[in-house]
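In what follows, a single structure is set out as structure tokens and then discussed.
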Amino acid sequence: MSFAIIETGGKQYKVSTSKILEVEKLDAKKGETIKFKKVLLLNDKQNTEIGNPSIEGASVEAKLLDNVKDRTILVFHKRRRKNSRKKNGHRQRHSKIQITKILAKNGKIIDEADIVNKKKAVKTEKKEIKKSVKK
């Protein structure tokens, strides 16, 4: 199993192809392809490559699935015996991405996801079942 460690939004993530994860909000539209160029480690089935601090030329491609908001966090300040209180809410924004490709520093594809549109796959399965029932 090949994987990579990337850095985005000040955090590090261990990613492999077709993995879905939430990262800090990215400035992109839904359905766009995003390239992460800060790859800290690459591992395929034969060898491991460690960057110093990152691997030049290596990249990870991902598809932006959606920009979402996290659950509400309440921020409450109270000063005792002063009849002073303040209540605020905060919802952090995230981007939901799916990893599609992991590329080595020479541009060679280490691993690629087999992304199939789930709706189309379900429709074709239903058609095949109906055909087999009719026969």
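Angle between the Cα long axis of helix 118-134 and the longest principal axis of the chain, 0 to 90 degrees, nearest 10?
The answer is roughly 50 degrees.
Put +1 on the Cβ of every Lys and Arg and -1 on every Asp and Glu Cβ in region 3-134; which of Ala113, Asn43, Ile97 then has its Cα farthest towards the positive end of the dipole?
Ile97
In the set (1) 2, 10, 22, 26, 22, 14, 4, 0; (2) 2, 9, 15, 15, 13, 10, 8, 8, 7, 5, 4, 2, 1, 0, 0, 0, 0; (3) 2, 10, 19, 24, 20, 15, 7, 3, 1, 0, which value of P(r) over Cα pairs in 5 Å bins from 0, in percent was calculated from the structure you see?
Correct label, based on the coordinates given: (2).
What is the dipole size for region 3-134, taken about its Cα centre, with +1 at each Lys and Arg Cβ and -1 at each Asp and Glu Cβ, in debye to the nearest 20?
1580 debye
For Val68 and Lys19 in the same chain, what is the full-extension length gain: residue separation times 0.36 nm, less their Cα-Cα distance, in nm?
15.9 nm
How high is the FRET efficiency from Gln12 to Lys87, r the C-beta distance, R0 41 Å, rounded to 0.05?
Taking R0 as 41 Å, the efficiency between Gln12 and Lys87 is 0.75.
Ordered by packing density, taken as the mean number of other Cβ atoms within 10 Å over each peptide's residues, highest first, how do 50-56, 85-91 rank?
50-56, 85-91
No value in this document is a laboratory result; all are computed from the given coordinates. Being a predicted model, the structure only gives us computed values, none of them experimental. We place every Cβ from the backbone using ideal geometry, glycine too, and count neighbours over all the protein chains shown.
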